[in-house]
Every structure is written in C-alpha cells, then in structure tokens.
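The values are calculated or read from the model by the stated rules, or taken from the named source; none is laboratory data. What you see is a predicted model, and the numbers here were worked out from it, not measured in a lab. Because the Cβ atoms are built from the backbone with ideal geometry, glycine has one as well, and the counts that use them run over all protein chains shown. Accessible surface areas use protein heavy atoms only, side chains included; no ligands, DNA or RNA. Shrake-Rupley method; radii C 1.70, N 1.55, O 1.52, S 1.80 Å.
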Amino acid sequence: MAKISKVRKEQLRIRFDYNNMMSDFIGEEQGFTLRDIAANKKLVDKAFKTVSANRGTGMMGWTELPYNQAEVVEDIIATAKNIRKNFESFVVLGIGGSALGPTAVFQALCHLRHNELPAKRRKAPKFYVEDNVDPERMASLLDILDLKKTMFNVVTKSGATSETMSQYLIIMDILKSKFGDKASEHMIATTSSEKGNLIKIAKEEGLKTFYIPDGVGGRFSELCPVGLLPAAVLGIDIKAMLSGAAYMDKLCKTKDLRKNPALIAALLQYMSMKKGKNISVMMPYSDGLRYIADWYCQLWGESLGKAEDLNGNTVYAGQTPVKALGVTDQHSQIQLYREGPFDKVITLIGVENFRAEVTISEGCKDIPDVNFLCGHTMSELINSERKATEYALTTANRPNCTIIVPEINAFTVGEILYMFELETAYVGAMLNVNTFNQPGVEGGKNATYALFGRKGYEKTKEEMDKAPAKIQEYVC
Ligand code: PA5
C-alpha cells in the first residue's frame with residue numbers, strides 16, 4: 001500500500017450528517033433538540049468510558065485489529081498471491097460473520113460483474129460465498145466449478161457450526177476422491193487457534209490455517225483473516241482497509257460527542273429506540289455498498305437484540321435492522337417509510353464520486369417529460385434521488401440521517417466497517433447489554449445438534465420432543 005497522506009485521509013473521511021434527526025428539521029415530536037442530547041451526557045460519558053476501557057480485552061479484541069496484524073497480513077498477502085496465480089475460483093464456506101463481511105467487501109471493492117469478466121480483466125479468481133445449506137445451491141456450485149482450479153476457504157470460529165462443517169465434509173470428501181493426498185492443497189481453514197473442531201481437523205489434514213483471535217466474534221471479524229484473506233485473494237488493498245479502520249478509530253477517540261461520528265450516531269439511535277423507533281433501516285444509494293447493509297443487519301441485530309441486560313433484568317432490547325437499496329427500494333419501501341408508522345430511523349449512505357460514469361443520452365427532443373433527463377449523468381440521477389428521498393422523509397417528519405462516502409475504496413470501506421462496529425459497541429453500552437454474545441443464535445444451533453442426534457444434546461432433544469404437537473386444524 002502506498003502511504004496515504006494526511007490530506008488524502010481527510011479527503012476520504014466519511015461524514016455523518018444527522019440534520020434530519022433534529023427537531024429543527026422534523027419537529028419536536030419526532031426530532032431531537034441539543035437539550036435532549038445534552039440531557040444524556042452522563043450516559044454518553046459512561047458508554048464512551050466503558051468502550052474505551054474494554055478495548056482489546058474480552059470480546060473487544062476487534063478494536064486492535066487495525067494495529068496488531070502486521071505479521072499475519074504479510075502471510076495473507078503471500079498466500080493470496082499464490083492463490084491468484086494458481087486458481088480460477090475461490091470459495092468461502094462459512095455463515096454469519098464469516099460470510100457477510102467477505103460478501104460485503106467483495107461487492108464494494110470488486111468489479112460489479114467480477115465473475116462474468118474474462119480472466120485477463122478479472123485478474124483474480126472468481127469468487128463465491130456459500131453460506132446457506134440449500135442442496136440445490138451446493139449442487140449448482142459443484143456443477144460450475146473446475147475443482148482442479150478451485151481453492152476453498154472454510155471459515156468458522158467455533159468449528160462446530162452445522163452449516164459450515166457440513167459444507168466442509170462434502171467438499172473435502174470430493175477433493176479427496178479426486179486428488180487423494182493433494183486434497184489439502186485446495187482447502188484453507190480460518191478458525192480459532194485452540195478451541196473447536198476445525199483446528200483439530202486442520203492439523204490432522206495438514207491444512208494451511210489462519211487464526212481468528214479469541215476476542216473477535218463472528219460479526220466483528222471482517223478485519224481479521226476471516227475477511228482479509230478473501231479480500232487479498234481478490235486483489236483488494238487490505239492494508240488500506242486497515243488504515244481506513246485505524247483512521248476512523250482515531251476520529252472516534254474523542255469523547256466530544258459532536259466530533260465523534262460513531263458516538264453521536266449511537267446516541268441518536270439509542271434515543272430513537274427510547275422513543276419507540278424499533279426499526280433501523282440501512283439504505284445505501286450504491287450497488288457497491290448494498291451488502292454492507294446485510295452485514296450491518298447481523299451486527300446490529302445480533303449485538304443489541306438481548307432479552308436481559310448486564311444486571312439480569314429482562315429488557316428485550318434491540319432495534320430491528322432492515323436493509324434497503326437506493327434507488328431500487330424507493331419503488332417498494334419508501335411509501336411505507338414516509339407514510340406508515342413512526343417506528344423507524346432511516347440511514348442513507350450516499351457516494352459523492354462514483355468509480356464509473358454513464359451519461360444519459362440525448363433523445364426524445366419532442367417529449368420534454370423525457371427529454372429533461374438527457375445530458376445528465378447517472379451519478380447525478382442517483383444522488384438527486386437520494387436527496388429527493390431525504391426531502392420526502394424529512395417533510396413527513398421521519399427521522400433520517402446520511403453517511404456521506406467521498407468515494408468507495410479500501411480505505412473508506414475500512415472506515416465504514418469500523419464506524420458501525422464502534423457505534424454498535426456504544427449503543428450496547430448505553431443499553432447495558434452484552435453486545436458480544438449471541439445466546440439466541442446458540443439456541444438455534446443447539447436445537448439443530450439435538451435434532452441430528454449430536455452427543456451431549458440429548459436433554460435438548462428430550463425437551464424438544466415434549467413440545468406440543470402441531471394442531472392440524474391450524475394448517476390449511
Ligand atoms: O456473530 C457471530 O458470532 C455469529 O453470527 C457467527 O458469525 C455465526 O454463527 C457463525 O459462527 P462460526 O464462526 O462459529 O461458524
């Protein structure tokens with residue numbers, strides 16, 4: 001990575017515009033005043049202190065990822081170089097954080113038709129992320145892959161996730177039957193260095209292995225080898241991504257609320273939740289950033305959706321994350337956002353400079369109602385539509401805010417990821433919940449183990465068997 005100058009970093013700084021969350025724009029009933037914000041000073045200070053004090057400890061190991069991976073980053077880059085040279089396809093086997101981050105970064109930083117490009121222009125393997133266990137999906141993947149030229153990356157921190165381990169078993173079996181001893185040359189494992197089954201398997205099979213640090217949970221793992229290896233294979237500048245994350249971290253080191261974008265964003269979401277805004281819509285106006293919204297949904301939903309707070313009180317905390325795409329969803333969801341219940345905060349993501357431009361051609365000279373479009377660019381159109389949505393929401397007193405991204409590149413994507421991670425941690429601290437566990441997800445995982453007769457889950461199976469049988473009259 002070429003060193004990014006201070007001036008360039010400032011140019012690439014993403015901005016959080018919360019004008020339309022304020023009463024000046026959406027009225028006192030829906031919006032906030034500076035007085036409301038000031039009234040939460042104690043809570044904000046406490047959240048800032050908690051997050052700062054816990055940096056790099058417990059499950060907050062992710063805060064240090066921009067700084068403590070120099071050695072592994074070199075290993076990743078060297079491994080990726082080798083994969084790019086020798087393989088035509090790279091397939092991630094993983095789910096949750098192991099899939100959503102790599103998908104979001106691939107979509108943001110690669111050509112939007114990457115897999116369809118000829119190899120010469122692609123300059124990197126085709127890329128697939130296989131999270132679901134739909135048999136039709138797996139069968140169709142196997143139909144198109146040339147296994148001789150495919151590298152798989154099995155990613156699971158626990159090494160126990162049924163979906164990922166099933167995929168591993170299927171693929172490893174096929175690889176062994178085709179390549180015998182050389183099967184391990186087609187599989188890389190990314191997992192916990194000590195805990196879980198995958199590390200044992202990886203050692204037995206002699207797989208190249210990357211480690212997920214202990215204090216980094218699935219949904220906070222994009223900036224560790226979980227996300228960095230796929231990104232590097234795709235030719236993405238992972239050092240720039242980490243540098244963008246470090247820059248955002250630096251911006252957020254101040255406890256001055258109005259200067260810390262993650263902290264003010266967190267407070268506004270927290271205050272919105274307290275006002276009954278139970279839905280957080282993430283709406284990038286960019287195809288490149290569309291899966292950042294999916295990644296955000298997991299981060300926000302799984303981190304904040306908690307039945308109990310840290311003192312054991314039942315709180316049923318959280319805010320339902322919803323993904324939308326601008327402008328596409330202007331033609332499906334905006335009607336609801338503007339005129340439906342007052343239960344949402346809408347975050348738009350706007351891109352100032354797109355990486356490609358297309359001009360709308362001249363034509364229809366005799367039809368002014370079409371001709372007005374001519375000569376404008378598509379980026380003018382998409383950004384005008386974003387501003388139009390902002391206007392439509394604001395005039396209907398709907399709380400909305402905008403994250404402005406100067407351009408989409410590895411640095412700004414690093415900033416976005418880190419800002420959302422930090423914002424989530426701040427809101428979790430404000431809600432006084434455990435942001436970093438996921439007992440609800442584990443519940444589903446355990447029930448699957450029980451249904452499949454996994455040893456140690458007999459009691460869960462017994463409990464499940466005792467559940468009332470379904471009543472046929474309720475099925476029609
Ligand atoms: O955020 C989390 O911890 C989860 O959503 C995990 O990413 C997901 O369940 C997959 O877990 P694992 O990495 O253990 O396979």
For this session: Check segment 155-176 and report whether any residue there is within 14 Å of residue 92 (Cα to Cα), among the small types (Gly, Ala, Ser), within 16 Å of the ligand (Cβ to nearest atom) and open to solvent by 40 Å² or more (accessible area, probe 1.4 Å).
Result: yes
Seminar exercise, completed: Of the listed residues (81, 46, 42), the one being basic (Lys, Arg), over 24 Å from the mean Cα position of the chain (by Cα), open to solvent by 20 Å² or more (accessible area, probe 1.4 Å) and under 30 Å from residue 235 (Cα atoms) is 81
Problem set entry | Considering residues of segment 84-103 that are away from the ligand (no atom under 16 Å from the Cβ) and surrounded by fewer than 23 Cβ atoms within 10 Å (Cβ to Cβ) only, the residue nearest to residue 414 (Cα to Cα) | 84
Exercise. Any residue in segment 123-131 that is of a type outside the set (Lys, Arg), at pLDDT 95 or above, in a strand (DSSP E or B) and away from the ligand (no atom under 16 Å from the Cβ)?
Worked result: yes
Problem set entry | Which listed residue, of 325, 310, is in a loop (DSSP other than H, G, I, E, B), of a type in the set (A, V, I, L, M, F, W, C) and under 22 Å from residue 222 (Cβ atoms) | 325
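Per-residue answers, yes or no, for (1) within 25 Å of the chain's Cα centre (by Cα); (2) farther than 18 Å from residue 231 by Cα; (3) not aromatic (Phe, Trp, Tyr):
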{"position": "96", "(1), (2), (3)": "yes, no, yes"}
{"position": "99", "(1), (2), (3)": "yes, no, yes"}
{"position": "105", "(1), (2), (3)": "yes, no, yes"}
{"position": "121", "(1), (2), (3)": "no, no, yes"}
{"position": "127", "(1), (2), (3)": "yes, no, no"}
{"position": "154", "(1), (2), (3)": "yes, no, yes"}
{"position": "160", "(1), (2), (3)": "yes, yes, yes"}
{"position": "165", "(1), (2), (3)": "yes, yes, yes"}
For this session: Taking only segment 278-298 into account, find how many residues are in contact (Cβ under 8 Å) with a residue 60 or more places away in the chain and open to solvent by less than 10 Å² (accessible area, probe 1.4 Å).
Result: 12
Exercise. Failed condition for residue 25, given (1) open to solvent by less than 40 Å² (accessible area, probe 1.4 Å); (2) of a type in the set (Phe, Trp, Tyr); (3) more than 22 Å from the chain's Cα centre (by Cα), with all others met?
Worked result: (1)
Exercise. With respect to the numbered conditions (1) touching a residue at least 60 places away in the same chain (Cβ under 8 Å); (2) open to solvent by 10 Å² or more (accessible area, probe 1.4 Å); (3) under 27 Å from residue 402 (Cβ atoms), which one is the sole condition not fulfilled by residue 254?
Worked result: (1)
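Conditions tested, residue by residue: (1) within 14 Å of the ligand (Cβ to nearest atom); (2) in a helix (DSSP H, G or I); (3) buried (at least 22 other Cβ atoms within 10 Å of the Cβ).
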{"position": "188", "(1), (2), (3)": "no, no, yes"}
{"position": "191", "(1), (2), (3)": "yes, no, yes"}
{"position": "195", "(1), (2), (3)": "yes, no, no"}
{"position": "199", "(1), (2), (3)": "yes, yes, no"}
{"position": "204", "(1), (2), (3)": "no, yes, no"}
{"position": "211", "(1), (2), (3)": "yes, no, no"}
{"position": "214", "(1), (2), (3)": "yes, no, no"}
{"position": "236", "(1), (2), (3)": "no, no, yes"}
For this session: Mind listing just one residue for me: the one in segment 183-197 that is at pLDDT below 95 and not hydroxyl-bearing (Ser, Thr, Tyr) and, of those, nearest to residue 169 (Cα to Cα)?
Result: 197
